[in-house]
Amino acid sequence: MGTRKLVGAWALTAACAMGSVVAAGVGLDGRGQQTEGMEAARQAYEASDYTKAAELLRAAVAKNPQDAQAHYLLAKTYFQAEQHDAAVNSAEKAVALEPQNSAFHELLGRAYGEKADHSSFIHGLPLARKTVSEFEKAVKLDERNFSARQALVEFYCAAPGIAGGGEDKAHPEIAKLIEMDASEGHYAAGNCRRQKKDFTTADVEFAKALESHPKSADLIYDIGDYAVKRGEADRLLAVAEIGEKAAPGDPRGKFYRAVGLILKNERGDAAESLLREYLQRAPMRDGYPRPWTAHDWLGRFYEARGNTAAAIAEYEAALKLQSKDKVASDAAKRLRKS
């Protein structure tokens, strides 16, 4: 499932898996008065129709090439559509027009990171250095840009020194975060230990983050993603409760509550209903469990209850959405044989 990547595949080659906090910086937030075309683009983006959003935003920047906000929103749209070169190009234009904008530098760093993710080590190395440079600029311009600071901490903890990383660089950033917001600081500390596969310490720090009244739904639900991978049902239910209080309209609470109930083998009807509702409401966006993952869990739910036909149907639904879904592929093959 996974939430977000910064320099994933490239970093794995360099023995430094990147991970989770991109979501915090890639929502569509906009500023000021919007033209009719920009508002239509926003609506298309929120509906996960990135093709339409990009078309409208390209028209906007063609009419006004000096509109930094339009370039920024176009870069976000390309980012979600996984058009990495285009995302970098638009984000660079936004930064060139407004070099003092922290959010613009953060997005450019993430775009560089995604491009590095899809490059070889040799080509990814200079992109990784650009990634960390942009995160550092973003934090320098706005010390309370928590998503940029989280991305910077994650990079420092995961990346090798040759790319600009180093856990020693992360410690002052984590300390600063703890001073400003305890939940953000403990999350950063836990995420750093997760990169090092020190899951015992990560568990403790993530628990402290959840106990510190976090305000960021992305932070909360990234801990949920961690709990899914660790099979931590009780933590998932806590994540859902805290997330629903922090962001009542966010559908991710339904997903993580459902997975927690399935792992505990409790309230089966509720778990099924929650996953169905999540599939209806969730956008196709970084930071949100992908729809095929919800089908995977529905398949697991039916399989545990001996409903093989329904389980196969869910795994096949997952494969229609994502042909490389190994969980669904393996499960469907196993059930067909049985």
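Go through (1) over 18 Å from residue 297 (Cβ atoms); (2) in contact (Cβ under 8 Å) with a residue 60 or more places away in the chain one by one and return the number of the condition residue 238 breaks.
Against the list (1) over 18 Å from residue 297 (Cβ atoms); (2) in contact (Cβ under 8 Å) with a residue 60 or more places away in the chain, residue 238 comes up short only on (2).
Please state which one of 183, 147 is more than 22 Å from residue 132 (Cα to Cα), surrounded by 20 or more Cβ atoms within 10 Å (Cβ to Cβ) and polar (S, T, N, Q).
Numbers: 147 fails: more than 22 Å from residue 132 (Cα to Cα).
Result of the check over 183, 147: 183.
Quick check, is residue 110 charged (D, E, K, R), at pLDDT 95 or above, out of contact with any Lys or Arg (no Cβ under 7 Å at 6 or more places or on another chain) and crowded, with 17+ Cβ neighbours inside 10 Å?
Numbers: charged (D, E, K, R): yes; at pLDDT 95 or above: yes; out of contact with any Lys or Arg (no Cβ under 7 Å at 6 or more places or on another chain): yes; crowded, with 17+ Cβ neighbours inside 10 Å: yes.
Taking the combined requirement at face value, the residue satisfies it.
For every residue, the table says whether it meets (1) at pLDDT 95 or above; (2) in a loop (DSSP other than H, G, I, E, B); (3) aliphatic (A, V, I, L, M).
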position	(1), (2), (3)
172	yes, no, no
185	yes, no, no
190	yes, no, no
214	yes, yes, no
219	yes, no, yes
239	yes, no, yes
253	yes, no, no
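Given (1) farther than 23 Å from residue 46 by Cβ; (2) under 19 Å from the mean Cα position of the chain (by Cα); (3) surrounded by fewer than 22 Cβ atoms within 10 Å (Cβ to Cβ), identify the lone condition not met by residue 232.
If we test residue 232 against (1) farther than 23 Å from residue 46 by Cβ; (2) under 19 Å from the mean Cα position of the chain (by Cα); (3) surrounded by fewer than 22 Cβ atoms within 10 Å (Cβ to Cβ), just (2) comes out false.
Of the conditions (1) open to solvent by less than 10 Å² (accessible area, probe 1.4 Å); (2) more than 27 Å from residue 243 (Cα to Cα); (3) assigned to a helix (DSSP H, G or I), residue 165 satisfies every one except a single condition; which number is it?
Failed condition: (3).
Among (1) within 18 Å of residue 286 (Cβ to Cβ); (2) modelled with pLDDT of 95 or more, where does residue 118 come up short?
(2)
Determine if segment 81-101 includes at least one residue that is under 22 Å from the mean Cα position of the chain (by Cα) and among the β-branched types (Val, Ile, Thr).
There is at least one residue in segment 81-101 that is under 22 Å from the mean Cα position of the chain (by Cα) and among the β-branched types (Val, Ile, Thr).
Within segment 134-165, can you find the residues that are free of Cβ contacts under 8 Å to residues at least 40 places away in the same chain and under 21 Å from residue 186 (Cβ atoms)?
Within segment 134-165, 135, 139, 143, 144, 149, 152, 153, 156, 157 qualify.
Need pairs with beta-carbon distance below 6 Å; first residue under 9 Å from residue 137 (Cβ atoms) and within segment 94-106, second part of a helix (DSSP H, G or I) and charged (D, E, K, R); sequence gap 6+ or separate chains.
Close Cβ pairs (under 6 Å, with a partner that is part of a helix (DSSP H, G or I) and charged (D, E, K, R)) amount to 105/134; 105/137.
The values are calculated or read from the model by the stated rules, or taken from the named source; none is laboratory data. Just so you know, these numbers come straight off a predicted model, no measurement behind them. Note: ideal-geometry Cβ built from the backbone for every residue, glycine included; neighbour counts use all protein chains shown. Just the protein is used for accessible areas: all its heavy atoms, side chains included, with ligands, DNA and RNA removed. Shrake-Rupley method; radii C 1.70, N 1.55, O 1.52, S 1.80 Å.
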